[in-house]
1. Provide a single number: the residues in the stretch 61-70 that are open to solvent by 40 Å² or more (accessible area, probe 1.4 Å) and among the hydrophobic types (A, V, I, L, M, F, W, C).
2. Kindly provide the set of residues from the stretch 59-76 that are within 21 Å of residue 16 (Cα to Cα), within 17 Å of the chain's Cα centre (by Cα) and without any contact (Cβ under 8 Å) to a residue 60 or more places away in the chain, ordered by number.
3. Could you please find all residues in the stretch 113-136 being open to solvent by 100 Å² or more (accessible area, probe 1.4 Å) and touching a helix residue (DSSP H, G or I) at 6+ places or on another chain (Cβ under 9 Å)?
4. Would you point out which residue out of 38, 113, 108, 54 is in contact with a Phe, Trp or Tyr (Cβ under 9 Å, 6 or more places away or on another chain) and among the β-branched types (Val, Ile, Thr)?
5. Among the residues of the stretch 98-132, write down those that are among the basic types (Lys, Arg) and farther than 18 Å from residue 14 by Cα.
6. Of the numbered conditions (1) open to solvent by 90 Å² or more (accessible area, probe 1.4 Å); (2) under 27 Å from residue 11 (Cα atoms), residue 95 fails exactly one; give the number of that condition.
7. Looking at (1) in contact with a Ser or Thr (Cβ under 7 Å, 6 or more places away or on another chain); (2) buried (at least 18 other Cβ atoms within 10 Å of the Cβ), which is the one condition that is false for residue 18?
8. Whether any residue in the stretch 37-58 is over 26 Å from residue 7 (Cα atoms), surrounded by fewer than 16 Cβ atoms within 10 Å (Cβ to Cβ) and in contact (Cβ under 8 Å) with a residue 12 or more places away in the chain is what I want to check.
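The values are calculated or read from the model by the stated rules, or taken from the named source; none is laboratory data. Worth saying up front: this structure is predicted, and the values here are computed from it rather than measured. In this analysis, Cβ positions are derived from the backbone assuming ideal geometry, glycine residues included, and neighbour counts consider all displayed protein chains. Keep in mind that these areas ignore ligands, DNA and RNA; they rest on the heavy atoms of the full protein, side chains included. Shrake-Rupley method; radii C 1.70, N 1.55, O 1.52, S 1.80 Å.
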Amino acid sequence: MVDRGMASQMNSKRILISTSAILTAVVVVILPFVHSIIFTVALMTLAICFISSITGGSWALAADVSPTSVVASTSAIMSFGGYFGGAFSPIVAGMIVDTTDSYTLAFISGGIIAGCAALCFWGIVKKPIEVRTNLR
């Protein structure tokens, strides 16, 4: 997209991340309604593929959004959010499955969260962070 002049470096990453998050959401929401093991494995593989592209794109986006002096801090904050969600999602999914005796709601809620990630990357990350210095 950048080479063809279709988007800036930052916007091309936002497009990749948002599109991948939406595709992840769709695939994950469809999963509990598929009753073929072959299609289930295929959809799970696609979901992992899309999630991997979100991860790679978001790491690259941190360098575009942040001034060079705070790229590591931005990446650390991003990692904390991912690890926080990764630590609690199995607990929440287990509670959902325990309460409902079904994985359907757990997958649907995971898809909704992926859709929310798409909205956040597209709606919040719009321009690079500006560093303001106080000169007195």
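1. Residues flagged as open to solvent by 40 Å² or more (accessible area, probe 1.4 Å) and among the hydrophobic types (A, V, I, L, M, F, W, C) within the stretch 61-70 amount to 2.
2. Selection gives 59, 60, 62, 63, 74, 75.
3. 113, 119, 122, 126, 127
4. 54
5. 132
6. (2)
7. Here residue 18 meets the rest and fails (1).
8. Yes, that holds for at least one residue.
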